[in-house]
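Q: Right, I'll just put the structure down here and ask away after.
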Amino acid sequence: MAPETHSPGCSSRTAIHPVQLPTIRAAFLPTAEEIARAREVLSRMDGATQAGVGALALADGTFLDVAMRDQALAVLALVSD
């Protein structure tokens, strides 16, 4: 896809006119909360990995493992330029 029509954060979305891209970006890019959560997941998982732990639970009961780390990386990749 040509750079001027590429919409970061979108996967398999179709636009028939470039004017539609800002709306598509706004709808599919991660929210500030999702970005903050992804950063928290990476921070906690990196700390666990350094301590030799492969999985952990957050205070809210969320279980974190390598799959959650990969998902967090994917979220942050959407907002990285």
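The values are calculated or read from the model by the stated rules, or taken from the named source; none is laboratory data. Everything numeric here is computed off the predicted structure, so don't read it as measured data. Just the protein is used for accessible areas: all its heavy atoms, side chains included, with ligands, DNA and RNA removed. Shrake-Rupley method; radii C 1.70, N 1.55, O 1.52, S 1.80 Å.
Q: Whole percent per 10 Å bin, from 0 to the bin with the longest distance: what is P(r) over all C-alpha pairs of the range 20-79?
A: For the range 20-79, the pair-distance distribution reads 22, 47, 21, 9, 1.
Q: Keeping all protein chains in place, calculate the accessible area per residue for the range 35-81 (probe 1.4 angstrom), answer in Å².
A: That works out to 63 Å² per residue.
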